[in-house]
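What follows is one structure encoded as structure tokens, with my remarks underneath.
The values are calculated or read from the model by the stated rules, or taken from the named source; none is laboratory data. Computed from a predicted model, the values in this text were never measured in an experiment. Because the Cβ atoms are built from the backbone with ideal geometry, glycine has one as well, and the counts that use them run over all protein chains shown.
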Amino acid sequence: MAYLGLHALQHRGQESAGIVAANTRGMTQERDMGLVADIFTEDRLARLKGRHAIGHTRYSTAGSSQLINAQPFLIDCHRGKMAVAHNGNLLNAAALRLELERQGSIFSTSSDSEVILHLVARSSARTLEGALVDALSRVEGAYSLVFLMRDRLIAVRDPHGFRPLSLGKLDGAMVVASETCAFDLIGARFVRDVAPGEFLIIDSSGLRSEQPFPPQPTRQCIFEHVYFSRPDSMVFGRSVNQVRRKMGVALAREHPVPADIVVPVPDSGLVAALGFAGESGIPFEFGLVRNHYVGRTFIEPKQEIRHFGVKLKLNAVAALIKGKRVILVDDSIVRGTTSRKIVTMVRDLGAREVHMRISSPPTTGPCYYGVDTPRRDDLIASAHSVEEIRAFIRADSLGYLSLEGLRKAVDDGDTFCAACFDDNYPIAVNQRAGTQANLFDIPR
Ligand code: AMP
């Protein structure tokens, strides 16, 4: 079940994956670099013995991409064996780590998540639950966590609720996952979201819910709906598909332009482009085709045959493009390099005009709460106007969805974090220190 769940969550991270299984006798762990389907052979799955399990797919926001950082982490401390899987990014991990190291802690990874385990092991709280609350009261930032012990599973979402975490049920057993598409695959029923700040204990006596942290304003990640989540998931109580569709409709209203076809940049722009086409009445065409098999193991060819640009991933359908006025729809522009290459490719095939439409506002700030974005200096919109970006990507016109339009599409109700678009960071960040990415990999 955990293996299948991870398979459905593969889009959330492709660097490494792992599972820890447990029963009252002990715990077993299997993890590796790469994709879920490649890592978990029949042998490896057979070695995972247990009644309950947690799993993780990783893409790194802090700590380098290497096996020691692959989750779930499994440790043995005076409270017994314990495993953890973390989705999010901790903001004070560097300071906590230095403090813990000075007190004698020996860290074995360069990941921010390991700090939590050290804090749990050192807590003087009487119960394990108390130690977890103790530890989490000291960390700041974004965390959706699952802890596995021999006799229970604990799921926690940080008080702002930055990252998603949902609760499901299958044949009387409880399941938690970052996205509900994992429930669909294993035939579990979606029950509800784990609430921001909620501490859920699942054991043989059932489910217990606590709210041990001081409440904070809810700040769910708006970018989950823009890009990150799968459209077949319910995230933060909303259908990702329906929200993206609304973004596309609003985008067409805000930035109309006469054209012959609406073409999505697959897969990220698909649903918004449908909304755009429906609202504008301009035909939707699959004018770009994505190759889904460009894995990490792809062997870079020699320099002289390398000039394929973005074509390795995306190719345009010449017969659809030639002589047309094309509207391209994508979800976001980060550095601007992808958009520039796609516009160039479509122009080279004889498009008469190329208009770029983006179903979110200009990305002006990095995320410190669990989405991997480059430094502010590398975000094209942090220092350039829409007109300058249009010129850079060589489009005839460029239109971004307004923040107001985006908030309306997600039916915000002042519960979303949109710091990457409005610079309004819910937890203060030392912007010079940045995300602490790879901080622990630098020799000190
Ligand atoms: P860029 O070439 O840097 O402007 O990248 C833009 C493309 O990256 C768009 O197609 C987005 O869908 C995609 N994208 C946006 N955010 C992320 C992210 N955090 N990780 C990976 N891809 C992203």
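Quick notes on this structure:
- Boolean, Leu200 is over 23 Å from Tyr425 (Cα atoms) and assigned by TED's automatic domain parsing to the domain that holds Ile54: yes
- Residue within segment 246-255 that is under 22 Å from the mean Cα position of the chain (by Cα) and more than 20 Å from Ile282 (Cα to Cα) present: no
- Listed by position, the strands (runs of 3 or more DSSP E) enclosed by segment 204-298 that each have at least 2 residues that are surrounded by fewer than 19 Cβ atoms within 10 Å (Cβ to Cβ) are 206-210, 288-290.
- Test result for Ser108, over 25 Å from Cys417 (Cβ atoms) and hydroxyl-bearing (Ser, Thr, Tyr): yes
- When the residues of segment 113-141 are filtered to those that are without any contact (Cβ under 8 Å) to a residue 40 or more places away in the chain and assigned to a helix (DSSP H, G or I), the one that is surrounded by the fewest Cβ atoms within 10 Å (Cβ to Cβ) is Gly130.
- Condition check for Arg163 on (1) more than 15 Å from the ligand (Cβ to nearest atom); (2) within 22 Å of Leu148 (Cβ to Cβ); (3) assigned to a loop (DSSP other than H, G, I, E, B): one failure, at (1).
- Residue match in segment 100-112 (condition: buried (at least 24 other Cβ atoms within 10 Å of the Cβ), of a type in the set (Asp, Glu) and within 27 Å of Arg150 (Cβ to Cβ)): yes
- Among the candidates Val271, Val294, Val263, residue that is touching a Leu at 6+ places or on another chain (Cβ under 9 Å) and at pLDDT 95 or above: Val263
- Where a residue in segment 326-353 is within 19 Å of Pro283 (Cα to Cα) and among the small types (Gly, Ala, Ser) and its partner, wherever it lies, is modelled with pLDDT of 95 or more and surrounded by 19 or more Cβ atoms within 10 Å (Cβ to Cβ), with Cβ under 8 Å and at least six apart: Gly350/Ile321; Ala351/Ile321; Ala351/Lys324; Ala351/Val326
- A Cβ distance below 8 Å, combined with a sequence gap of six or more or placement on separate chains, defines the contacts here; from segment 365-385, residues that are free of Cβ contacts under 8 Å to residues at least 24 places away in the same chain and over 15 Å from Tyr227 (Cα atoms) reach residues that are assigned to a helix (DSSP H, G or I) and within 12 Å of the ligand (Cβ to nearest atom) in the pairs His384/Phe392.
- Sole residue being over 17 Å from the mean Cα position of the chain (by Cα), at pLDDT 95 or above, of a type in the set (Ser, Thr, Tyr) and more than 16 Å from the ligand (Cβ to nearest atom), chosen from Ser280, Ser205, Ser233, Ser239: Ser280
- The sole residue among Asp441, Asp423, Asp396, Asp411 that is more than 16 Å from the ligand (Cβ to nearest atom), modelled with pLDDT of 95 or more, under 21 Å from Gly88 (Cα atoms) and not β-branched (Val, Ile, Thr) is Asp423.
- Yes/no for Phe416 being closer than 21 Å to Leu379 by Cα and aromatic (Phe, Trp, Tyr): no
Here's the yes/no breakdown for (1) touching a helix residue (DSSP H, G or I) at 6+ places or on another chain (Cβ under 9 Å); (2) over 25 Å from Met1 (Cα atoms); (3) without any contact (Cβ under 8 Å) to a residue 12 or more places away in the chain:
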| position | (1), (2), (3) |
| --- | --- |
| Gly50 | no, no, no |
| Ala53 | yes, no, no |
| Arg58 | yes, no, no |
| Ser65 | no, yes, no |
| Asn69 | yes, no, no |
| Pro72 | no, no, no |
| Cys77 | yes, yes, no |
| Asn92 | yes, yes, no |
